[in-house]
Each structure stands twice: as C-alpha cells, then as structure tokens.
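Participant: My structure is below; once you've seen it, I'll send some questions.
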There are 2 protein chains.
Amino acid sequence: MTHRDLHVIIPAGGAGTRLWPLSRRRRPKFLLDLTGAGRTLLQATVDRLEARAASITIVTGAAHRDAVLAQLPEFDGHPDRFVVTEPSGRDSMPAIGLATYLVRRRYGADAVVGSFAADHLIARPDLLVTAVDAAAAAARQGFVTTIGITPTEPSSAYGYIHPGAALDLHRVRRVESFVEKPDAATAARYVDQGYLWNAGMFLMGAGVLAGHLARLHPELDEGLEAIADAWGGRDQDEVLDSTWPHLRHIAIDHAVAEPVAAEGGVAVVPADPGLGWTDLGDFRALDELDTRVGDALRVEAPGTVVHVGTDQRVVLVGVEDLVVVTTPDAILVTRDAAAQKVKEAVDALAQEGRTDLL
Amino acid sequence: MTHRDLHVIIPAGGAGTRLWPLSRRRRPKFLLDLTGAGRTLLQATVDRLEARAASITIVTGAAHRDAVLAQLPEFDGHPDRFVVTEPSGRDSMPAIGLATYLVRRRYGADAVVGSFAADHLIARPDLLVTAVDAAAAAARQGFVTTIGITPTEPSSAYGYIHPGAALDLHRVRRVESFVEKPDAATAARYVDQGYLWNAGMFLMGAGVLAGHLARLHPELDEGLEAIADAWGGRDQDEVLDSTWPHLRHIAIDHAVAEPVAAEGGVAVVPADPGLGWTDLGDFRALDELDTRVGDALRVEAPGTVVHVGTDQRVVLVGVEDLVVVTTPDAILVTRDAAAQKVKEAVDALAQEGRTDLL
C-alpha cells in the first residue's frame with residue numbers, strides 16, 4: 001500500500017532537561033541529530049511518515065518555529081505541510097486538538113489524523129508504517145487507536161497499555177485501560193501479562209476526536225473551534241492569543257484516551273517487536289544507540305554511560321554507574337537515579353544568570 | 001639571621017600520574033602554578049630558600065632542563081645556581097648524591113647541603129627558614145638532620161618519623177627510626193605518640209653524606225666520585241652517561257636516613273605546627289587550597305572534589321566522593337580510593353598512541 005491518506009500531527013514541544021546539557025531550551029532534543037545519521041529526530045519523524053502523509057502539521061513553540069522551518073524548508077509554502085505555532089505549551093491535548101481541528105476544516109471530518117512525538121527514534125520505519133496502516137483502518141471504524149510497543153524489558157519509565165479482546169480487524173485489539181508508569185515489580189507483572197508500552201501514538205478520525213472533546217471537555221472544544229474558525233483570517237492571532245491561555249493544560253492520554261478506553265472506544269495495534277522504538281529518554285538510552293559520539297577510556301568503571309561531545313578524552317577510573325556528558329560549555333556528572341534532579345541544577349544555573357547554559 | 005651558608009639541592013624528578021591530567025610527562029607538577037599565585041611550585045621552592053642559599057642545585061631530567069631554565073632564567077650563568085641534568089631517573093639518592101658531591105668539590109666538605117622537594121607547598125616560608133636554621137646547626141654537628149612535619153590528621157599517605165630524646169641543640173631531637181606509610185589505625189597511633197611526617201627534607205654536611213655513602217654504598221660513592229671528578233671537564237658527558245646507568249636506584253630514606261638513624265646519627269627538627277606543609281599529593285589536597293580554578297555546581301554531591309581547568313561549567317548531581325578534573329584535552333572522573341589506578345589509564349592512553357595526553 002502506498003496511499004497517502006493520513007494527516008500526520010507532530011507535537012514538537014517542551015525541551016525538558018532529561019538530556020541536558022546536550023539539549024537546551026533553544027536547542028531541544030527534537031532539533032538534534034542524536035544518532036549521527038545526518039537527520040534530526042524531527043526530520044526523521046517526518047521522513048518515516050512521508051509515505052502515508054496526506055498532510056503533516058508540526059505544532060511547536062514560537063521560539064522553535066524558525067529552527068523547524070530551517071530543518072524542513074519544504075514546509076515553507078507547501079500546500080499540505082504546516083508549522084503551527086502555539087503561544088505557550090499547554091501539554092499535548094490542546095496542541096493535537098488544534099492541529100486536528102485545522103485538518104478537519106481543510107480536509108473534512110472523515111480525515112484520519114495521527115499524532116507522533118517529534119523526539120522518538122524508530123529503527124525500522126517500515127514496521128511503523130505497517131502498524132500505522134492497521135491503526136488507520138481501526139480509526140476509520142471510529143476507534144481512537146494507539147500503536148503499542150512490545151516491551152523489551154520491565155521498564156518503569158513508561159506508561160502501559162492493557163490490551164483486551166481482538167477486534168474484527170487485522171492486528172487490532174480493544175484497549176482495556178491505560179496505566180501510569182509502574183514501579184519495578186508492577187512493571188514486571190505487566191510485561192508478563194502482555195501489556196504494551198504507551199508511546200503516545202494516537203490515530204483517529206478528526207470528527208471522532210472533536211466529538212469526544214465536545215462531550216468530555218466542552219470548553220476545550222469551544223476554544224479550539226474558535227481558533228480554527230479564525231485561522232487564516234485577519235483576526236487569527238488575536239483569537240489565538242486571547243483563547244489559548246485559557247485552554248486546559250492536559251495530555252491527550254488523560255483528556256481522551258483513558259476516558260474513551262473506559263467506554264470501550266479505544267483500540268491498539270501492537271507493533272512488531274522488531275520496531276526498535278525508543279523515546280531516548282535519558283543518556284543510558286542514548287548510549288545504547290550505535291552513535292558516533294566520542295567514547296571514554298574506562299578502568300574499572302562498570303555501568304558507566306558517557307556522551308562525549310567535545311574532543312576531550314574522558315577517562316573514568318574506579319567509578320560505577322555514572323553518567324558523564326560533555327559539551328563545549330558544560331559537563332554533567334550524575335547517575336541514573338539522580339537524573340530527575342538535573343532540573344534543579346538547571347534551575348540553579350538560571351538563578352546564577354547563566355541563561356546561555358539553559 | 002640572614003646568613004647564606006646552606007647549599008640547597010632540589011631534586012625535580014618524576015612527574016608521576018597522581019595529578020594527571022593536570023600534570024603531564026612534559027609538564028610535571030613542579031613546573032605548574034597550582035596555587036594560582038603566579039609562581040610555579042619549583043619557583044616557590046627556590047623563593048622560600050633563597051634567604052639561606054649559598055648555592056642552589058636543581059637536579060632534573062633532560063626533558064625538563066629547558067623548562068626549568070625558562071622558569072628560573074637567573075640560573076643561567078649564575079656562579080652559584082646550577083641545573084644538573086640526570087640522564088635518567090634513579091630515585092633520590094643518586095640525584096641528591098651527585099649534587100652533594102659537586103657541592104663538596106666546589107665549596108668544601110664542611111658545606112652543609114639540604115635537599116627539598118620541588119613540588120611541595122609551604123604556607124609559611126618564614127617558619128620553614130627557622131626550622132632550616134635549627135636543622136643546619138644540627139647538620140654542622142655531624143647529624144643527618146630532617147625537618148619533621150607535625151601531623152594535622154592520621155594520614156596513611158606519608159611515612160612517619162619516630163622522634164627520640166632531645167639533643168643539646170635548640171629544637172633538635174634524635175630520630176629513633178623512620179617508618180613506612182602506615183594503615184589508618186597505625187597512623188592514628190603514630191599521631192598519638194607524637195610521630196612526625198617525613199617530608200623528605202634532609203640537611204647534612206657534604207662530607208658527612210659522602211662518608212655515609214662510602215661506608216654503606218661504596219659502589220654508589222665511587223660512581224658519584226667519578227662523575228664529580230669529570231664534571232666541567234672534556235669527558236663530563238662521557239663519564240656521566242657511562243656511569244649513571246649503573247648507579248643503584250634507591251631513595252635517600254632507604255640508602256642513608258634509615259640505616260644511619262639505626263646508628264643514632266639522624267636528628268629531627270619538628271617544624272612549627274603552623275608551617276602549612278602539603279605535598280599536594282592528590283586533587284583533594286589541591287582542593288583544600290584556596291585556588292582560583294573553576295568550581296562546580298553541585299546538587300546533592302557531598303565529598304566531591306573538582307578541578308576545572310576549562311571554561312566548561314561542571315555540574316554534579318547526586319554523586320558522592322567523586323574527583324572530577326577537566327583540562328582542555330582530557331577529563332578525569334575518579335574517586336580517592338581509585339586514584340592509584342589512574343596510572344593504568346595513562347598507560348592505556350600510551351597504548352592507544354595518545355602520547356599528547358601523557
């Protein structure tokens with residue numbers, strides 16, 4: 001199949017600090033070529049969905065609009081490629097919602113939209129496309145459809161999908177529920193029971209999503225309708241700027257996926273186990289790639305992870321389970337268990353006035 | 001007293017790897033300004049002994065001769081300042097012995113020589129000078145005389161001096177024995193018993209040392225005599241190069257101080273506790289100085305020591321007792337207990353052909 005009937009939505013938002021000092025506020029993860037393959041994560045996301053994309057809408061912050069267009073110059077002036085600027089980050093539901101309402105206006109309520117994170121990595125894009133085809137078929141049947149990742153380990157870093165009965169559609173099962181990031185023991189049980197990782201990929205009819213929003217979050221539906229109504233007109237920016245700040249700060253998982261799953265309206269396509277998905281959530285995940293960044297010289301340094309972004313030779317002697325990252329202007333030394341605290345350090349740099357390092 | 005009657009000997013040898021990557025083979029510790037005071041450790045050693053120095057002889061390797069003269073240009077052509085090049089490092093006894101035999105030839109057997117490491121630091125040079133004066137007086141009485149450091153903690157990084165009865169000389173006691181670096185429990189006992197640290201400072205008559213060598217190590221005495229005989233003559237280099245490689249590889253402690261102490265011939269002057277001596281043996285010692293090197297941003301990082309030699313901001317999050325050192329071309333991450341293994345890493349760099357980093 002080579003049909004292009006999927007309207008791809010790529011929310012390219014919050015930088016986070018999980019990959020600081022590699023990622024920065026002004027150079028977030030999705031703008032980086034973390035694999036050394038010559039394409040940034042955002043570019044690779046576009047690349048792997050091109051074959052099915054009737055349209056592509058990237059939703060990003062004003063600060064990143066120019067960088068996005070510089071990386072994807074074909075989006076500038078293309079009739080079916082869009083960069084939508086959100087005035088502020090309000091989590092994924094407003095971003096995906098706005099893009100969906102714009103798609104619905106342009107291409108009709110039957111258009112199938114699919115949202116895909118801008119900063120994940122997939123080793124086998126061909127296997128993603130076959131999963132997308134199956135998910136799009138379920139979406140055309142009215143399901144909010146997610147693509148589930150077969151766990152490779154009992155990770156407590158991801159939310160899980162509890163799959164239910166098979167539906168009368170190729171590879172598609174109903175979703176019993178979505179569950180939050182579990183502790184290690186619960187994660188092991190989930191994996192034993194065939195749960196899947198939630199990678200945040202959702203496909204659904206544009207009208208179906210709008211219907212769920214109108215029912216579950218009417219004020220969000222109204223706000224998005226108002227913005228979409230004004231889009232492309234004289235008062236677009238005025239309506240956007242006056243409406244957006246009042247939209248609820250909420251993820252699509254909580255806003256739609258979980259409540260609709262409880263009603264039996266969500267389906268899942270388990271991706272082929274060979275998909276090779278990773279969200280590159282930390283430096284250890286990055287280390288597992290065969291990247292071209294510099295390595296360290298290790299003497300009795302088990303479990304250490306390095307990301308050497310300078311010409312400096314990094315030497316680790318007699319240290320365990322460390323994470324060491326070097327960039328031309330900053331060096332981080334931490335360990336996995338402390339990675340969440342890197343944000344505190346970045347906040348402290350802000351206090352010091354080192355905005356250049358944020 | 002302002003008399004200049006001490007013939008200072010400064011062995012400036014082995015670089016070691018305890019301060020790698022700050023110190024390098026071609027830029028050993030004694031050539032570095034580790035305090036940021038504007039003088040290198042070697043320069044500071046000369047500075048603090050100038051007031052008592054009838055002559056100063058620096059014994060160094062061929063690789064460092066030019067750097068030594070660049071740091072001490074006044075040594076070039078000065079009638080009483082010498083840089084003696086040893087063909088290879090053979091520990092401290094041959095180096096101090098050669099300098100002593102040259103002093104004896106120039107200034108007579110009654111000349112008092114005093115050897116002082118090139119890479120130690122002393123906070124109060126005035127207190128060193130008063131100790132040197134007392135030690136020189138004991139040396140003139142025929143004692144091999146050391147200056148003992150009052151311990152500030154029960155360190156197991158130093159050898160200790162076991163002081164005995166007071167001699168009939170100001171501040172001078174006989175030495176019962178020298179003891180090797182102890183374990184922590186033994187060190188605590190030594191400190192309780194009033195033992196002193198052995199900082200490798202020895203003063204003695206040039207003829208006295210030659211007499212001990214002739215008696216205890218006749219082959220070393222003969223070799224040094226042969227070299228001193230030829231010194232300044234046509235066959236100096238020939239005799240040096242043919243004789244030196246056969247001299248015994250031995251420290252002055254083992255060669256002379258220990259056996260002569262057993263005979264009752266060694267004295268010690270306990271330095272004033274306020275002397276502020278340190279051998280800057282590792283980065284933790286360096287960290288205790290109020291240096292001008294960059295600091296790190298720490299979030300829950302107790303006991304960590306950093307030496308930041310670049311403009312990079314070093315951020316430590318959730319790590320304990322680490323030692324982190326940055327230089328423009330190398331970064332070391334280790335911990336105190338593993339510091340001895342840094343040599344293995346430097347050897348591995350040599351194997352890699354990274355001689356630029358050694």
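The values are calculated or read from the model by the stated rules, or taken from the named source; none is laboratory data. Computed from a prediction, not measured in an experiment: that's the story for all the values here. Here Cβ is always computed from backbone atoms with ideal geometry, including for glycine, and neighbour counts include all displayed protein chains.
Participant: Of all residues being more than 18 Å from residue A:10 (Cα to Cα) and in contact with a Phe, Trp or Tyr (Cβ under 8 Å, 6 or more places away or on another chain) in the stretch A:211-239, which is surrounded by the fewest Cβ atoms within 10 Å (Cβ to Cβ)? Just the residue, please.
Facilitator: Residues of the stretch A:211-239 that are more than 18 Å from residue A:10 (Cα to Cα), as a first pass: A:211-223, A:225-227, A:229-239.
Now drop any that are not in contact with a Phe, Trp or Tyr (Cβ under 8 Å, 6 or more places away or on another chain), which leaves A:223, A:225, A:227.
Numbers: A:223: 25, A:225: 18, A:227: 23.
The selected residue is A:225.
Participant: Is it true that residue B:55 is of a type in the set (Gly, Ala, Ser), touching a helix residue (DSSP H, G or I) at 6+ places or on another chain (Cβ under 6 Å) and in the same structural domain as residue B:250 (by TED's automatic domain parsing)?
Facilitator: Working: of a type in the set (Gly, Ala, Ser): yes; touching a helix residue (DSSP H, G or I) at 6+ places or on another chain (Cβ under 6 Å): no; in the same structural domain as residue B:250 (by TED's automatic domain parsing): yes.
No, not satisfied.
Participant: Which is at pLDDT below 95, in contact with a strand residue (DSSP E or B) (Cβ under 9 Å, 6 or more places away or on another chain) and on the phi < 0 side of the Ramachandran plot, of A:169, A:240, A:209?
Facilitator: Going through A:169, A:240, A:209 in turn, the sole match is A:169.
Participant: Inspect the stretch A:346-356 for any residue being surrounded by 19 or more Cβ atoms within 10 Å (Cβ to Cβ), assigned to a helix (DSSP H, G or I) and more than 21 Å from the chain's Cα centre (by Cα) and give the result as yes or no. Walk me through how you get there before you give the answer.
Facilitator: Restricting attention to the stretch A:346-356, the residues satisfying the condition of being surrounded by 19 or more Cβ atoms within 10 Å (Cβ to Cβ) are A:346, A:349.
Now drop any that are not assigned to a helix (DSSP H, G or I), which leaves A:346, A:349.
Next, only the ones that are more than 21 Å from the chain's Cα centre (by Cα) stay: A:346, A:349.
Checking the stretch A:346-356: at least one residue is surrounded by 19 or more Cβ atoms within 10 Å (Cβ to Cβ), assigned to a helix (DSSP H, G or I) and more than 21 Å from the chain's Cα centre (by Cα).
Participant: Name every residue in the stretch B:25-70 that is surrounded by fewer than 22 Cβ atoms within 10 Å (Cβ to Cβ) and closer than 16 Å to residue B:309 by Cα, in order of residue number.
Facilitator: B:27, B:32, B:33, B:35, B:36, B:37, B:38
Participant: Can I ask one more? Among the residues of the stretch A:258-284 satisfying the criterion of being part of a loop (DSSP other than H, G, I, E, B), in contact (Cβ under 8 Å) with a residue 24 or more places away in the chain and farther than 22 Å from residue A:133 by Cα, which is farthest from the chain's Cα centre (by Cα)? Lay out the reasoning, then the answer.
Facilitator: Going residue by residue through the stretch A:258-284, those that are part of a loop (DSSP other than H, G, I, E, B) are A:263-265, A:271-272, A:276, A:279-282.
Filter once more, keeping what is in contact (Cβ under 8 Å) with a residue 24 or more places away in the chain: A:264-265, A:271-272, A:276, A:279-282.
Checking the rest, the ones that are also farther than 22 Å from residue A:133 by Cα come to A:280-282.
Numbers: A:280: 10, A:281: 11, A:282: 14 Å.
If we take residues in the stretch A:258-284 being part of a loop (DSSP other than H, G, I, E, B), in contact (Cβ under 8 Å) with a residue 24 or more places away in the chain and farther than 22 Å from residue A:133 by Cα, then A:282 is farthest from the chain's Cα centre (by Cα).
Participant: Looking only at the stretch A:237-257, which residues are within 20 Å of the chain's Cα centre (by Cα) and of a type in the set (Asp, Glu)? Walk me through it before giving the result.
Facilitator: Going residue by residue through the stretch A:237-257, those that are within 20 Å of the chain's Cα centre (by Cα) are A:248-257.
Within the stretch A:237-257, just A:253 meets the criteria.
Participant: Additional query: Report yes if residue B:46 is under 30 Å from residue B:170 (Cα atoms), part of a helix (DSSP H, G or I) and modelled with pLDDT of 95 or more, otherwise no.
Facilitator: Values: under 30 Å from residue B:170 (Cα atoms): yes; part of a helix (DSSP H, G or I): yes; modelled with pLDDT of 95 or more: yes.
Judged against the criteria, residue B:46 is a match.
Participant: Give the residue, chosen from A:274, A:265, A:281, that is modelled with pLDDT of 95 or more, more than 14 Å from chain B (Cβ to nearest Cβ) and surrounded by 16 or more Cβ atoms within 10 Å (Cβ to Cβ).
Facilitator: Working: A:274 fails: surrounded by 16 or more Cβ atoms within 10 Å (Cβ to Cβ); A:281 fails: modelled with pLDDT of 95 or more.
A:265 is the lone residue from the list that is modelled with pLDDT of 95 or more, more than 14 Å from chain B (Cβ to nearest Cβ) and surrounded by 16 or more Cβ atoms within 10 Å (Cβ to Cβ).
Participant: Another question, if that's okay. Look at residue A:200 and say whether it is in contact (Cβ under 8 Å) with a residue 60 or more places away in the chain, under 28 Å from residue A:130 (Cβ atoms) and surrounded by fewer than 19 Cβ atoms within 10 Å (Cβ to Cβ).
Facilitator: no
Participant: From the list A:352, A:320, pick out the single residue that is farther than 19 Å from residue B:309 by Cα, out of contact with any Asp or Glu (no Cβ under 9 Å at 6 or more places or on another chain) and more than 7 Å from every other protein chain (Cβ to nearest Cβ).
Facilitator: Values: A:320 fails: out of contact with any Asp or Glu (no Cβ under 9 Å at 6 or more places or on another chain).
After ruling out the rest, the residue left standing is A:352.
Participant: Among what's in the stretch B:294-317 and is more than 9 Å from chain A (Cβ to nearest Cβ) and surrounded by fewer than 18 Cβ atoms within 10 Å (Cβ to Cβ), pick the residue that is nearest to the chain's Cα centre (by Cα).
Facilitator: The qualifying residue nearest to the chain's Cα centre (by Cα) is B:309.
Participant: Just to verify a result, which residue in the stretch A:323-345, among those that are assigned to a helix (DSSP H, G or I) and more than 7 Å from chain B (Cβ to nearest Cβ), is modelled with the highest pLDDT? Let's see the steps before the verdict.
Facilitator: Within the stretch A:323-345, the subset assigned to a helix (DSSP H, G or I) is A:336-345.
Within this subset, residues satisfying the condition of being more than 7 Å from chain B (Cβ to nearest Cβ) are A:336, A:339-340, A:343.
Details: A:336: 86, A:339: 82, A:340: 83, A:343: 92.
Top of the filtered list is A:343.
Participant: So, one more: Kindly check whether there is at least one residue in the stretch A:113-131 that is more than 29 Å from residue A:225 (Cα to Cα), without any contact (Cβ under 8 Å) to a residue 12 or more places away in the chain, in the same structural domain as residue A:223 (by TED's automatic domain parsing) and of a type in the set (D, E, K, R).
Facilitator: Looking only at the stretch A:113-131, we keep the residues that are more than 29 Å from residue A:225 (Cα to Cα), and these are A:120-131.
Then drop every residue that is not without any contact (Cβ under 8 Å) to a residue 12 or more places away in the chain, which leaves A:126.
From the residues that got through so far, the ones that are in the same structural domain as residue A:223 (by TED's automatic domain parsing) too are A:126.
If we keep only those that are of a type in the set (D, E, K, R) as well, we get A:126.
Yes - at least one qualifying residue is present in the stretch A:113-131.
Participant: Of everything in the stretch B:16-33, what is assigned to a loop (DSSP other than H, G, I, E, B) and touching a His at 6+ places or on another chain (Cβ under 9 Å)? Give them in sequence order.
Facilitator: B:19, B:22, B:26, B:28
Participant: Also, quick follow-up: Has the stretch A:109-126 got at least one residue that is more than 17 Å from the chain's Cα centre (by Cα), within 23 Å of residue A:60 (Cα to Cα) and crowded, with 17+ Cβ neighbours inside 10 Å?
Facilitator: yes
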